[in-house]
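Everything below concerns the one structure shown next.
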Amino acid sequence: MLKIMSIFAGMKKLLFILLILPSFVFAQNKVLCPTPPMGWNSWNVFASDINEKIVMEIADAMVSTGMSKIGYEYINIDDYWHADTRAVDGKPLVDTLKFPHGMKYLADYVHSKGLKLGIYSCAGNMTCGRRFGGYNYEEIDAKAYAEWGIDLLKYDYCYAPASRKAAVERYTKMGTALKNSGRDIVFSICEWGIRKPWLWGAEAGGSYWRTTPDIFDVWSGGNLWMMSVMKILKRQQGLEKYAGPGHWNDPDMLTVGNYGTGKATSAKGLYKGMNDTEYQSEMSMWCMLNSPLLASCDLRSMNEATRNILTNPEIIAINQDKLGEQATLIHKAGKIWVYRKKLEGGKWAVAVLNTSGKEETFELNTKMLDIDGIWKTVDVWQQKEAGLLSPEPTKGQTGELIVPGSISLTVKPHETVVLRLEKFVAKVGY
Ligand code: GLA
């Protein structure tokens, strides 16, 4: 009898190993961001002035503006949600003046809208805003975040040692704690690209990593710690191969729609913001580069132009393309930069960016794109066909031009024209 019971117990153990363990291991290796995450982050617009009421209203706005329908889902609270100190047992505490009902309540609310809630901490002793950091509290914090129902953690790198070795250790520690927390929590690495996180971020558990210091609401100029859009774009060159499903380069949040009013990105009035053409370019390039799309303007009061930029389905489809190929800068002609991004199903996206302050005309052909054949093009922002693109002009029997050798584009100052290319199949008898 005893023998039968122990055989039975052994079988139960085996069954556990065969059935439960693989799903546990699978959960551990689950790809959390197969396409770049989309959502909103509080930092650019509100900086330290963030609270429960704003977060709930932003969640409402994400739904009522149609953003959630098109794929935006994360509502990320950045720095300054913390109480002055941790609890005596080390658990993280929330500033109850700003978040009177606590994080669990907020997560439940955000989840009830079909959205997800993100939070922020830091691999140092303090966050960049000098609130308590996560260093040495990784397990306690990850457990608390899981209990609160948090879905994403942005982990900063202020008040932490400079070396890459230390950074890798600290990020790996938090990445592992999140993996063991019992909840799927996306890990966003934010050490500003200084220690080449594209080389180690995925292994540390990160789904995406910042490639630069903070974005500011300005087209060009800026400085080493206040990055303009152009400065950020230049820094993305060479990082293309590190992006792919589940692991993305992050050129920081979008400034679209802030018009110089963002509490963090105007640098106390130093930067007056950009115009809609420039915001449209920022969105275009972030989509071409597979960047996480984290809007950071006040969704409750954004104007029509901002909403159109943030919700254009064609440009978002390019960002969310399943191949996850980051665009490369393939051609430069004076101030015109041409980027190419491979899409699913043999298609391409092409962005023609006018980096100059005056209008430019530009002839786009397939030779400079290094692709063969004839292509149908759709202008993504105009949402209309933009003609056929071919290596050279094709003439009919009587010498009439059937397919021009190039497409002539007029590109406004700082504008980006984005085309989607699909192989042209000639009809029989054409
Ligand atoms: C750093 C980060 C920003 C933001 C602030 C918060 O500067 O890079 O994105 O999170 O800290 O203090």
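Some observations on this one:
- Unique match (being open to solvent by less than 40 Å² (accessible area, probe 1.4 Å) and not acidic (Asp, Glu)) among Ser220, Ser188: Ser188
- The test for being under 26 Å from Leu239 (Cβ atoms) and among the small types (Gly, Ala, Ser) does not hold for Gly396.
- Residue pairs meeting the criteria (Cβ under 7 Å; at least 6 apart or on separate chains; first among the aromatic types (Phe, Trp, Tyr), in segment 80-91; second open to solvent by 30 Å² or more (accessible area, probe 1.4 Å) and outside any loop (DSSP other than H, G, I, E, B)): none
- Lone qualifier among Cys158, Cys122 - being in the same structural domain as Leu178 (by TED's automatic domain parsing), within 16 Å of the ligand (Cβ to nearest atom) and buried (at least 23 other Cβ atoms within 10 Å of the Cβ): Cys122
- Qualifying residue in segment 88-98 (condition: in the same structural domain as Trp148 (by TED's automatic domain parsing), within 16 Å of the ligand (Cβ to nearest atom), hydroxyl-bearing (Ser, Thr, Tyr) and at pLDDT 95 or above): no
- Scanning segment 212-271 for residues that are part of a loop (DSSP other than H, G, I, E, B) and either hydroxyl-bearing (Ser, Thr, Tyr) or in the same structural domain as Lys332 (by TED's automatic domain parsing) (or both) yields Thr212, Ser220, Ser228, Thr255, Tyr259, Thr261, Thr265, Ser266, Tyr271.
- Residues of segment 384-405 satisfying the condition of being assigned to a loop (DSSP other than H, G, I, E, B) and open to solvent by 30 Å² or more (accessible area, probe 1.4 Å): Pro391, Glu392, Pro393, Gln397, Thr398, Gly399, Glu400, Pro404
- Screening Ser68 against (1) crowded, with 20+ Cβ neighbours inside 10 Å; (2) in contact with a Gly (Cβ under 7 Å, 6 or more places away or on another chain); (3) hydroxyl-bearing (Ser, Thr, Tyr); (4) on the phi < 0 side of the Ramachandran plot leaves a single unmet condition, (1).
- Test result for Lys98, crowded, with 17+ Cβ neighbours inside 10 Å and closer than 24 Å to Tyr137 by Cβ: yes
- Among the conditions (1) closer than 30 Å to Lys358 by Cβ; (2) within 14 Å of the ligand (Cβ to nearest atom); (3) over 15 Å from the mean Cα position of the chain (by Cα), the only one that Ile232 does not satisfy is (3).
- Candidate set from segment 191-217 (those that are more than 16 Å from the chain's Cα centre (by Cα) and more than 16 Å from the ligand (Cβ to nearest atom)); member that is least open to solvent (accessible area, probe 1.4 Å): Ala204
- Residue check: Met227 meets all listed conditions (1) more than 16 Å from the ligand (Cβ to nearest atom); (2) free of Cβ contacts under 8 Å to residues at least 60 places away in the same chain but one, namely (1).
- Restricting Trp381, Trp348 to residues that are closer than 21 Å to Tyr279 by Cα, under 24 Å from the mean Cα position of the chain (by Cα), open to solvent by 10 Å² or more (accessible area, probe 1.4 Å) and outside the structural domain of Met230 (by TED's automatic domain parsing) narrows the list to Trp381.
- Test: residue in segment 236-249 that is open to solvent by 20 Å² or more (accessible area, probe 1.4 Å) and either touching a helix residue (DSSP H, G or I) at 6+ places or on another chain (Cβ under 7 Å) or within 16 Å of the ligand (Cβ to nearest atom) (or both): yes
- Of all the residues in segment 39-82, those that are aromatic (Phe, Trp, Tyr) and within 12 Å of the ligand (Cβ to nearest atom) number 4.
- Subset tally (residues that are in a loop (DSSP other than H, G, I, E, B) and of a type in the set (Asp, Glu)) for segment 359-377: 3
- The set of residues from segment 274-310 being in a loop (DSSP other than H, G, I, E, B), under 24 Å from Tyr339 (Cα atoms) and touching a helix residue (DSSP H, G or I) at 6+ places or on another chain (Cβ under 7 Å) comprises just one member, Asn290.
- Hey, Leu254 open to solvent by 10 Å² or more (accessible area, probe 1.4 Å) and in contact with a Phe, Trp or Tyr (Cβ under 9 Å, 6 or more places away or on another chain) or not: no
- Any hit, segment 321-336, residues being surrounded by fewer than 17 Cβ atoms within 10 Å (Cβ to Cβ) and more than 17 Å from Leu233 (Cβ to Cβ): yes
- Residue among Trp198, Trp219 that is out of contact with any Leu (no Cβ under 9 Å at 6 or more places or on another chain) and of a type in the set (Phe, Trp, Tyr): Trp219
- Pairs where the first residue, in segment 126-145, is closer than 15 Å to Asp84 by Cβ and within 16 Å of the ligand (Cβ to nearest atom) and the second is open to solvent by 60 Å² or more (accessible area, probe 1.4 Å) and not hydrophobic (A, V, I, L, M, F, W, C), C-beta under 7 Å, 6+ apart: Met126/Tyr159; Phe132/Thr85; Gly133/Asn125; Gly133/Tyr159
The values are calculated or read from the model by the stated rules, or taken from the named source; none is laboratory data. All figures in this text were calculated on a predicted structure; none of them were measured in a lab. A quick note on method: Cβ atoms are made from the backbone with ideal geometry, for glycine too, and the neighbour counts reach across all protein chains shown. Each accessible area value is taken on the protein alone, full model and side chains, heavy atoms only, with ligands, DNA and RNA left out. Shrake-Rupley method; radii C 1.70, N 1.55, O 1.52, S 1.80 Å.
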